[in-house]
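Read the figures in this text as sums done on the coordinates, not as results from a lab. It should be emphasised that the depicted structure is a prediction, and the values quoted were computed from it without experimental measurement. Reconstructed Cβ throughout: ideal geometry from the backbone, glycine too, with neighbour counts over all protein chains shown.
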Amino acid sequence: MGGDWKEMFNAASDGDIELVRYHLKMGVDLNYQHPEYMTSVLIECIRLGKTEMVKFLLENGADPSATEGFGSTTTLSIAKSEKNHQAVHLLNSYLMKNNSNESIRINKVLLTGGNRGIGKAIAQKLLEESHEVIIVCRRETEGKAVAEELKYTTGNPKVSIIQGDLSSIQKCKTLIEKIKSEHSGINILINNAGVWMMEKKLNEDGLEMSFMINYLAPHMLCQGLFPVLKNNQPARIVNVNSGLYLKGGLDIEKTPYGLDFGSIKTYASSKFCSMMSSIDFAKEIEGSGVTINAVHPGVINTGLGDSPKFLSKVVSLFKRFWKSPEYGAAAPTWLALSEELEGVNGNYYNEKEKNEYIDEVKNEKLRETLRIKTKEFLNK
């Protein structure tokens, strides 16, 4: 009995690897698309979520760059539309192998706040694209559970965690030294972690928590990890910011200590300070082989700001109309990976659209005031 494409198609759909193997040995063309079906065996298995069969087919010559029928719909786009994350990773891996004439770089990405919300969705996208991800996580047990989940959903084992806390100056310094020791190969830093405090809380340094985590911690990571990133250039820093920075400001005698606290104002002001830091650091590192850009990822439904407070409950009513973390991950991932942004430095993007900074954060005198005060905090 000879091989038969239709029988092989059905066997693959049923997950029968041995029967598919038989038909391949009999000379059936794995990449053939029958006129009655107008699809390939590989694409059908992607749609059905047959991950082991997809892996087997790719190992045995299925074309990862094939399009369906006579159209332009690729295997990769189908895998993404079906949210078949493991298939996306497998296809990207084989596409990279097949593009042997091109220099394709597997990046090593350090990501803060990658255990939930936008950060977790960023990690997933990066892993699907076959990159390596190190997630900074305050709670080690929670971080390990997320890493295992991401390994399973994406099929990419190159995800790990590093326990670290961004809530104080000394804890940030400890984390930076730990990263330099354990992950000296990073070439992308994504500062995604953030808090939206519903009530005033000071850290062990006497600093308001939003100011510490949303501004000072990413500032310290940029400065402390710059030598590592420069050694691995070209390298990028992505600061996940917020469009609410427009509503922020800086009173240097009050803002760092929460003396002008207001749940919305304080969050906006911490992002305002972070934006000023991005502008300064971009100037400082110009021409170094490392770039920094800031991004507002969109209005996204995450756990940011969740608390029993009345304002939080009001905001939660609107969150159902906000966009998903997966949507919010698109722009930061694009900034981290896109070839068109190679060498681009010092910009702010509202999602994927370049925006001008507001005049207030471009104020050199105000930025100098923040720089001086920041040095005082760090040199105590």
- Task: Work out from phi, with θ = phi - 60° and the Karplus expression 6.51 cos²θ - 1.76 cosθ + 1.60, the ³J(HN,Hα) of each residue of region 46-58, listed in order in whole Hz, and give x for Gly and Pro.
- Result: 4, 5, 7, x, 8, 4, 5, 5, 4, 4, 4, 5, 5
- Just for the chain, what percent of DSSP beta bridges are antiparallel, to the closest 5? 15
- Task: Please turn the phi angles of region 258-273 into ³J(HN,Hα) values with the Karplus equation 6.51 cos²θ - 1.76 cosθ + 1.60 (θ = phi - 60°), one per residue in order, whole Hz, x for glycine and proline.
- Result: x, 6, 10, 4, x, 4, 7, 4, 5, 4, 4, 5, 5, 6, 4, 5
- Roughly how many Å is it from the Cα centre of region 218-250 to that of region 5-50, as a whole number? 48
- Counting Lys +1, Arg +1, Asp -1, Glu -1, what net charge surrounds residue 244 among other residues with beta carbon under 13 Å of its beta carbon? +3
- Query: When the helices in the chain are scored as -39500 (n - 2.57) per DSSP H run of 4 or longer and the sum is shared across all residues, what 222 nm value do you end up with, to the nearest 500 deg cm²/dmol?
  - Reply: -14500 deg cm²/dmol
- Item | J(HN,Hα) series, region 25-33, from Karplus relation 6.51 cos²θ - 1.76 cosθ + 1.60, nearest Hz, glycine and proline x | 4, 7, x, 5, 6, 5, 9, 5, 10
- May I ask you to compute the full-extension gain from residue 141 to residue 372, defined as 0.36 nm times their residue separation minus their alpha-carbon distance, rounded to one decimal in nm? 79.4 nm
- Message: If each residue of separation counts as 0.36 nm, what is the full-extension length gain between residue 149 and residue 286 once their alpha-carbon separation is subtracted?
- Response: 45.5 nm
- Which GluC sites (Glu not before Pro) from region 70-170 combine a DSSP loop assignment with at most 16 other Cβ atoms within 10 Å? 82, 102
- Task: Give the residue from 24, 73, 3 lying farthest towards the positive end of the charge dipole for the chain; charges sit on Cβ (+1 for Lys and Arg, -1 for Asp and Glu) and the dipole is referred to the Cα centre.
- Result: 73
- Once the principal axes of the Cα atoms of the chain are found, what is the range along each, listed largest first in whole angstroms? 85, 46, 38
- Residue-span extension gain [residue 231 to residue 34] - 0.36 nm each, minus C-alpha spacing: 65.8 nm
- Are there trypsin sites (Lys or Arg not before Pro) in region 1-97 that DSSP marks as loop and that have at most 12 other Cβ atoms within 10 Å, and which are they? 83
- Charge tally in the Cβ shell below 15 Å around residue 141, where Lys, Arg are +1 and Asp, Glu are -1, residue 141 excluded: -1
- Which residues make up the longest stretch of the chain clear of chymotrypsin sites (Phe, Trp or Tyr not before Pro) that lie in a DSSP loop with no more than 11 other Cβ atoms within 10 Å, not counting the sites? 71-320
